[in-house]
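Below is one structure; the comments refer to it alone.
The values are calculated or read from the model by the stated rules, or taken from the named source; none is laboratory data. Keep in mind the model is a prediction, meaning the values are calculated, not measured. Virtual Cβ from ideal backbone geometry, glycine too; neighbours counted across all protein chains shown. Note: accessible area is taken over every heavy atom of the protein model, side chains too, but ligands, DNA and RNA are not part of it. Shrake-Rupley method; radii C 1.70, N 1.55, O 1.52, S 1.80 Å.
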Amino acid sequence: MASPFLLFLLVIPLCLLVLFLALSFLTRPKPVRIPIKNRHVLITGGSSGIGLSLAKAAAAEGAHVSILARNAKRLEEAREEIKLATGHMARVLVADVRDPQAVAQALEEAGPVDVLVCNQGVFVPMELEKQDLEEAKFMIDVNLMGTFHLIKAALPGMKSRAKETGLPASIAIMSSQAGQVGIYGYTAYSASKFALRGLAESLQQEVIAHNIHVSMIFPPDTATPGLAEEQKRRPELTTIIAGSSAEMKAEDVAKKALDGLKEGQFIIPCNFDGTMLAIATAGLSPQRSATTALVEVFGAGFMRFVAMGFQWNWYSTIQNWHAKR
Ligand SMILES: NC(=O)C1=CN([C@@H]2O[C@H](COP(=O)(O)OP(=O)(O)OC[C@H]3O[C@@H](n4cnc5c(N)ncnc54)[C@H](OP(=O)(O)O)[C@@H]3O)[C@@H](O)[C@H]2O)C=CC1
Ligand SMILES: CCCCCCCCCCCCCCCC(=O)[C@@H](N)CO
């Protein structure tokens, strides 16, 4: 006769197994693998920072890469850099994502896309009270409206291409950890990045029947020319609070992003803090992996507790900062 204790020990893994099986049945959309070799990958903001690293990583894996940005000279330099690193001649497209006509024309020129990476982004941190509304609008226009323009222009071609080839396509959207949690000094930036999540969750439901798979990438501070510019004028509290998640290299963010999008991961965290944030903010987002779903189901309560610790730390920092003035 087995002791009640041994029986109990057996019950735990059994419950876990049943829960895992239930989640395997429930998780939607279904798992997918998105090939990128010999496929057309279009990366906006591909002339600098994370976008340029992504372009190199995709070209190194045999993708046909197009990069889009405003500045033609920087695009040419990026093309040289990609060629030097991988031997691949990327196509360059000059357009401002704020201009829907220019975006449509660029996509026409580029031809049908298999993987669209909406990575372009601007960030000008400042307390809302001090920030010029034009700056707030600038971030919304480039980060949010620009992404609308890109997806609108690319979708028809992506749909027919996915149908023709029978291969799954991908739309990957660059958010930020500041698109998962509000940060001091980022009212407009966080708003633009949180908004992308609503766009992405809704869009995934609209395009799943066309074999198009949406991903969102959530990097922490990442060493790029953009970050160097930002740091010249970032409020001290923004730097301190954003420092809660360790800075990454653009290459490492690009690798996470590319691996995640190839697996059709809806939420792509980039470091350990990012994984905690993803569990804490999973909400009703699509989840393809039963294993990750299991971690989310068990982790949710605990991560809320950890989050309370972070908030305690941030609010103490803010209070002390004001007390010193
Ligand atoms: N670096 C960081 O700390 C983090 C960055 N991110 C996000 O990652 C993305 C890339 O950031 P990062 O690599 O640092 O940025 P960079 O500033 O280094 O590069 C930005 C790229 O976007 C292009 N771009 C900017 N505005 C437009 C526009 N209106 N139309 C078309 N292209 C445009 C730029 O080219 P050009 O100026 O010639 O148009 C450039 O290629 C952004 O969305 C950012 O919000 C997220 C988390 C952290
Ligand atoms: C549940 C526990 C969670 C713990 C993790 C909390 C860490 C949050 C840190 C947020 C950092 C935001 C950086 C934004 C970078 C960015 O986008 C700018 N550089 C502009 O590009």
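Selection within the stretch 187-212: residues that are in contact (Cβ under 8 Å) with a residue 24 or more places away in the chain and either within 9 Å of ligand 2 (Cβ to nearest atom) or not in a helix (DSSP H, G or I) (or both). The member of this set that is nearest to L167 (Cα to Cα) is N211.
Any idea how many residues of the stretch 109-122 are surrounded by fewer than 23 Cβ atoms within 10 Å (Cβ to Cβ) and either of a type in the set (A, V, I, L, M, F, W, C) or touching a residue at least 40 places away in the same chain (Cβ under 8 Å) (or both)? Walk me through it before giving the result.
Of the residues in the stretch 109-122, the ones surrounded by fewer than 23 Cβ atoms within 10 Å (Cβ to Cβ) are 109-112, 122.
Filter once more, keeping what is either of a type in the set (A, V, I, L, M, F, W, C) or touching a residue at least 40 places away in the same chain (Cβ under 8 Å) (or both): 110-112, 122.
Qualifying residue count for the region: 4.
Return the pair list, or none, for Cβ contacts closer than 6 Å from residues in the stretch 272-283 that are of a type in the set (D, E) to residues that are assigned to a loop (DSSP other than H, G, I, E, B) and near ligand 2 (Cβ under 7 Å from one of its atoms), at least 6 apart or on different chains. These pairs meet every condition: D273/S245.
For Q105, all conditions in the list (1) within 23 Å of the chain's Cα centre (by Cα); (2) of a type outside the set (A, V, I, L, M, F, W, C); (3) within 22 Å of A162 (Cα to Cα) hold save one; what is the number of the exception? Tallying (1) within 23 Å of the chain's Cα centre (by Cα); (2) of a type outside the set (A, V, I, L, M, F, W, C); (3) within 22 Å of A162 (Cα to Cα), Q105 fails exactly one: (1).
Checking the structure you have, find out if any residue of the stretch 152-171 is of a type in the set (D, E), over 19 Å from V32 (Cβ atoms) and either within 14 Å of ligand 1 (Cβ to nearest atom) or open to solvent by 20 Å² or more (accessible area, probe 1.4 Å) (or both). Break it down into steps so the answer makes sense when it comes.
Just the residues of the stretch 152-171 that are of a type in the set (D, E), to begin with: 164.
Pick out the ones that are also over 19 Å from V32 (Cβ atoms) and you get none.
Within the stretch 152-171 (the criterion being of a type in the set (D, E), over 19 Å from V32 (Cβ atoms) and either within 14 Å of ligand 1 (Cβ to nearest atom) or open to solvent by 20 Å² or more (accessible area, probe 1.4 Å) (or both)), the answer is no, since none of the residues qualifies.
When you look at S215, is it part of a loop (DSSP other than H, G, I, E, B) and within 19 Å of I50 (Cα to Cα), yes or no? So that I can check it myself, show each step before the final result.
Working: part of a loop (DSSP other than H, G, I, E, B): no; within 19 Å of I50 (Cα to Cα): yes.
It is false that S215 is part of a loop (DSSP other than H, G, I, E, B) and within 19 Å of I50 (Cα to Cα).
Could you list, in sequence order, the residues of the stretch 228-243 that are within 11 Å of ligand 1 (Cβ to nearest atom), outside any loop (DSSP other than H, G, I, E, B) and crowded, with 18+ Cβ neighbours inside 10 Å?
Restricting attention to the stretch 228-243, the residues satisfying the condition of being within 11 Å of ligand 1 (Cβ to nearest atom) are 228-231, 234, 242.
After this cut, where a residue has to be outside any loop (DSSP other than H, G, I, E, B) as well, the list is 228-231, 242.
Correct list: E230, A242.
Remark: pairs (first residue in the stretch 39-54, more than 17 Å from V122 (Cβ to Cβ) and more than 15 Å from ligand 2 (Cβ to nearest atom); second residue open to solvent by 20 Å² or more (accessible area, probe 1.4 Å) and assigned to a strand (DSSP E or B); Cβ separation under 6 Å; 6+ apart in sequence or on different chains) = H40/H64.
For E236, are the conditions met, namely being in contact (Cβ under 8 Å) with a residue 60 or more places away in the chain, within 21 Å of V122 (Cα to Cα) and charged (D, E, K, R)? Yes: the conditions hold for E236.
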